[in-house]
Amino acid sequence: MPKGPKWKTAILMIASTLCLSGCVEARQLEKLGLITAVGYDLDGKNTIKGTVVVHKFDALAKNVTKVISVEAHTSKSLRQKQNLRSDQRLVSGQLRCVVYSKALAKKGIIQLVDTLNRDPNIGNMVYLMISEHDASSIINVGKKNVKLNLGTYLYNLIRQNVESEQMLSPTLQDFNHSYHDNGKDPVLPLLKLENGDVSVAGTALFKDDRLVGILPTNKLFFLKILAEKYKSGTEEFGFNREDFKSILKGNEGRSFRTVYNKLFLEIDNIRSHTKIKLVDKKNVRFRVEIKFASRLLETTEPLELGSAKNVKFIERQIEKKMEKEIHDLLIFFQKKGVDPVGIGNEYIAHIRGKKITPKEWRSIYKNAKFEVRVKNTIVKTGVID
Amino acid sequence: MEVNVKPRDGLQLHAFLLIFIVHSTQIGVGLVGLPRIVYLDAGHDGWISVFLAGVLGGVSLWFMVKMLGQYDSADLYGIHADVFGKWIGNFLSLMYMGYLAAAFFVIYINYIEIVQVWIFPNLPTWQLGLVLTLLSAYAVYGGIRVVVGTAFLSVMGTLWMVFVLFVPLKHSEINHIFPILDADIEQILKGAHNSSLSMMGMELVLFVYPYIKEKQKTQIFSQIGNAYTAFIFTLVTFVSIIYYAGGSLEQTIWPVISLFKIVRLPNLERFEIIAVSFWMLIIVPNLCIYLWAASKGFSRIFAGKQKWGLWILVSLIFVSSFFVKARYQMNLISDIIGKFGFYAAVCYPILLYFIVSAKNKYFRGKNNHAKGS
């Protein structure tokens, strides 16, 4: 046992440490309204309308969520005004989803994204999305449904699609990264109301922080192949029946009706590996090399898949089709002046000695040329031949 | 004043503890902002700057230990008195004490600011300040063994944080690092220079040396500590550069804490809050060891009690923290002390080594404190 006075100082110090650490402000869960989703709309020319979904922890309340909609110029003053209309203090620590209307996104959203970054209460994994019409209409879906917490619902909708790789991850972190990257532009999912349900209707392409174009859902497969390591996703390809005549199964007694005017193959991506190479610095020519392992899921007509030659034939056909699709997609991006693939990063990484500003890259990008080479292997054709 | 300090056996430390002393003192509040600072100077080659700074620290450390090796069991205060005599030597010692106290102060206000920004925006500075100063004063009260104990605990307790870096690695874009060596030498050296605030800490060897039991092993263990720091710092900078886009790294004040934002556990959404709290474990040994070294000066120079010096320093630091209010003031202070730290921790020991060697060579007969005379 230490001597008396020393012992006393020790106790005094520990006690004061404990007391002081209890000094911080307490927040009781029951007294808080947790914002789970926010929607921003352009209201007239000069104001934005903010709509929030607030989750309550009140066992007696019938409605677990509440929707508040107000107008202001900055998102923080929106919050203050929303607070005036709430019986609970609104906090944003549980924010999951932020929806911007398309009209607002066309004017630029960085002001509203910046405030999310600045606020240490908001995590980096918040999903950002764009709504085809009013953001408030999407937020208001939750109003009709008592049990539904829209914040969580939207969050799960996106997360489920991101995890099954149907969508590029639209987190705040990803948006920030692409926005600040000199050689890449951000993309966000586009939501639409369909028969009272929220659904994903495409991918919004951004040039800096402004929305400049929409990529339809069926092209997303190729963007994902280009932009990141991709391990799933399915895509259907349509071919002329004549091209496949040689490997069509003969109608031996049974007849298969030809339903469509074309022959469709559905393939599934097992793994893909994409390399974008700058092959010619002077003329800015890129070679996109894609190694692609796939699985044949469905054919609209019976094909003879038993022999290696036939499988090879299908592989080649798909390769050709993909090369064309991907090349078209790159040209489409180039025309729009957006670079969601990150081709600029590839370019900047190979240019020494000078710093390339985003503006310079945009003008270089306009004249870039692409060649696409796809190496497709059909590794499985399912349990039957 | 006695040049050599002869602590009794019970106070002596194993040499391997130097790994923890050096490493835990170097790693601190500076690391949190390091990637951004070097990025501003050296661009995407910042990690090379950090590595160079680590090498430079190692070189300086080598000179320090070589210099200490010329004495039996001296610390910097003793060497000052021996080389420069009573008046100039004590003046230099006072300056160095001032630097140590200033280093304490920088760590202290920077950490409080981080807590205020990230967790408790309404927390007054003095509350956390009181906790931190009392905590470190309490540790220093326990003497060198307790101080080194906190260093050991801190390194062991935060070892796991390195592995968290794998999470942001998954979201990173390796292309950002190319082309390697794009920045010119001047920029890279400037980055290395500016990371000195984060690299400060190896100079503490100058004060703990008398307490080391196996003095011949000082060199190897302190170098291991420095090398480990250099490795961690380079790794963190590298990950930050590939994880952040250039523009956002330039804007992020504490890139390392923002790195933790990406980590998300099922029952813990905001991992960075854990990281900020754990950072206290990292900075407490920093505070303790700087405070210990500075307050040691009182007993060495004035032959007073270390206890009094401790309380004088603690109250001075606590009061000064009231004068720092805005972020730009904090930046200014950190900058000045970081610059000063570069000279005090890196350049000065090398210079002193040559002075000591010259003195021992030419005035060997007169100097009856030096070894072998």
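Nothing in this text is a laboratory measurement; each read-out follows from the coordinates by a stated rule. What you see is a predicted model, and the numbers here were worked out from it, not measured in a lab. Cβ: placed from backbone, ideal geometry, glycine included. Neighbour counts: every protein chain shown.
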Item checked: Cross-link pairs A:Lys245/A:Lys375; A:Lys184/A:Lys219; A:Lys359/B:Lys261; A:Lys207/A:Lys291; A:Lys192/A:Lys275 - those with Cα-Cα distance over 27 Å -> A:Lys359/B:Lys261; A:Lys207/A:Lys291; A:Lys192/A:Lys275
Next item on the list: Mind telling me which of A:Lys291, A:Lys106, A:Lys245 comes out most flexible in a GNM of chain A, alpha-carbon contacts under 10 Å?
Entry: A:Lys245
Next item on the list: Compute the Cα gyration tensor for the stretch B:1-142, then decide on rounded, prolate or oblate, letting a ≥ b ≥ c be the square roots of its eigenvalues: rounded whenever a/c is under 1.5, prolate when a/b is larger than b/c in the other cases, and oblate in all that remain.
Entry: oblate
Check: What is the antiparallel percent of DSSP beta bridges lying wholly in the stretch A:29-215, to the nearest 5?
Finding: 70
Notebook entry, point to check: How big is the gap, in Å, between the Cα center of the stretch A:86-103 and the Cα center of the stretch A:170-218?
Noted result: 19
Notebook entry, point to check: Restricting to chain A, what percent of DSSP beta bridges are antiparallel, rounded to 5?
Noted result: 70
Notebook entry, point to check: Which percent, to the nearest 5, of DSSP beta bridges fully inside the protein assembly as shown are antiparallel?
Noted result: 70
Notebook entry, point to check: Of B:Arg270, B:Arg300, B:Arg36, which has the largest mean-square fluctuation in a 10 Å C-alpha GNM of chain B?
Noted result: B:Arg270
Margin query: Within a 10 angstrom radius of the beta carbon, how do B:Tyr71, A:Tyr260 rank from fewest other beta carbons to most?
Written below: A:Tyr260, B:Tyr71
Check: Using Cα atoms only, what is the angle between the long axis of helix B:144-157 and the major principal axis of chain B, expressed in degrees (0 to 90) to the nearest 10?
Finding: 20
Notebook entry, point to check: For A:Lys76 and A:Asp208, what does the FRET efficiency come to when R0 = 30 Å and r is the distance between their Cβ atoms, rounded to the nearest 0.05?
Noted result: 0.85
Note to self: For Cα pairs less than 8 Å apart in space and 6+ apart in sequence, what is the mean separation divided by the residue count of chain B, i.e. the relative contact order in percent?
What the structure shows: 38
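Apply the a/c threshold of 1.5 to the C-alpha gyration tensor of the stretch A:175-239 and tell me whether it is rounded, prolate or oblate. Write out the running numbers ahead of the final one.
Working: a/c = 2.13, a/b = 1.18, b/c = 1.80.
Since a/c reaches 1.5 but b/c is at least a/b, the shape of the stretch A:175-239 is classed as oblate.
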Checklist line | FRET efficiency, A:Lys245 to A:Thr217 (Cβ-Cβ, R0 25 Å, nearest 0.05) | finding: 0.20
Item checked: Among B:Val29, B:Val239, B:Val83, residue whose mean-square fluctuation peaks in a GNM of chain B (springs only between Cα atoms under 10 Å) -> B:Val83
Margin query: Can you tell me the orientation of helix B:46-69 relative to chain B, as the angle in degrees between its alpha-carbon axis and the longest Cα principal axis, to the nearest 10?
Written below: 10
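Taking 0.36 nm per intervening residue step and subtracting the Cα-Cα distance, what contour gain separates A:Arg316 from A:Thr377 on full extension?
21.1 nm is the gain from fully extending A:Arg316 to A:Thr377.
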Checklist line | CD proxy at 222 nm, helix term only [per DSSP H run n ≥ 4: -39500 (n - 2.57); per residue of the protein assembly as shown; nearest 500] | finding: -16500 deg cm²/dmol
Check: Which of the GluC sites (Glu not before Pro) found in the stretch B:121-230 are loop residues per DSSP with 15 or fewer other Cβ atoms within 10 Å of their Cβ?
Finding: B:Glu214
Next item on the list: Report, as an integer, the average count of C-beta atoms from other chains found within 10 Å of each Cβ along A:116-127.
Entry: 4
Check: How do B:Thr150, A:Thr217 line up, fewest other C-beta atoms within 10 Å first?
Finding: A:Thr217, B:Thr150
Next item on the list: May I ask which of A:Lys277/A:Lys336; A:Lys277/A:Lys335; A:Lys66/A:Lys336 have a Cα-Cα span longer than 29 Å here?
Entry: A:Lys66/A:Lys336
Notebook entry, point to check: In nm, to one decimal, how far is the A:Met13 label point from the B:Phe178 one, both placed 7 Å along Cα→Cβ?
Noted result: 5.5
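Determine the relative contact order of chain A: mean sequence separation of Cα pairs under 8 Å and six or more apart, normalised by residue count, in whole percent. The partial results should precede the final answer.
On the way: 696 pairs, mean separation 49.2, N = 385.
Relative contact order here is 13 percent.
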Next item on the list: Over every pair of different alpha-carbon atoms in chain A, take the mean of 1/r and invert it; report that Kirkwood radius in Å.
Entry: 24.3
Checklist line | Reach of B:Lys66 by Cα under 27 Å, taken over lysines that are not fewer than 8 positions away in the same chain | finding: B:Lys6, B:Lys86, B:Lys213, B:Lys215, B:Lys217, B:Lys296, B:Lys339, B:Lys359, B:Lys361, B:Lys366, B:Lys371
Next item on the list: Classify the stretch A:29-215 as rounded, prolate or oblate, taking a ≥ b ≥ c as the square roots of the eigenvalues of its Cα gyration tensor: rounded when a/c is under 1.5, otherwise prolate if a/b is larger than b/c and oblate if not.
Entry: prolate
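Show me the helices of chain A, taken as full DSSP H stretches, that run 18 Å or more along their long axis by Cα and average 0.5 or above in Kyte-Doolittle hydropathy. Let's see the in-between values first.
On the way: long enough: A:4-21 (26 Å, 0.82); A:150-163 (19 Å, -0.15); A:308-336 (41 Å, -0.73).
Both cut-offs are met by A:4-21.
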Note to self: Just want the ordering: B:Ser93, B:Ser277, B:Ser136, A:Ser69, from fewest to most Cβ atoms lying within 10 Å of their own Cβ.
What the structure shows: B:Ser277, A:Ser69, B:Ser93, B:Ser136
Check: What angle do you read, to the nearest 10 degrees and between 0 and 90, between the alpha-carbon axis of helix B:125-141 and the longest principal axis of chain B?
Finding: 40
Check: If you find the alpha carbon centre of the stretch B:68-106 and of the stretch B:181-252, how far apart are they in angstrom?
Finding: 24
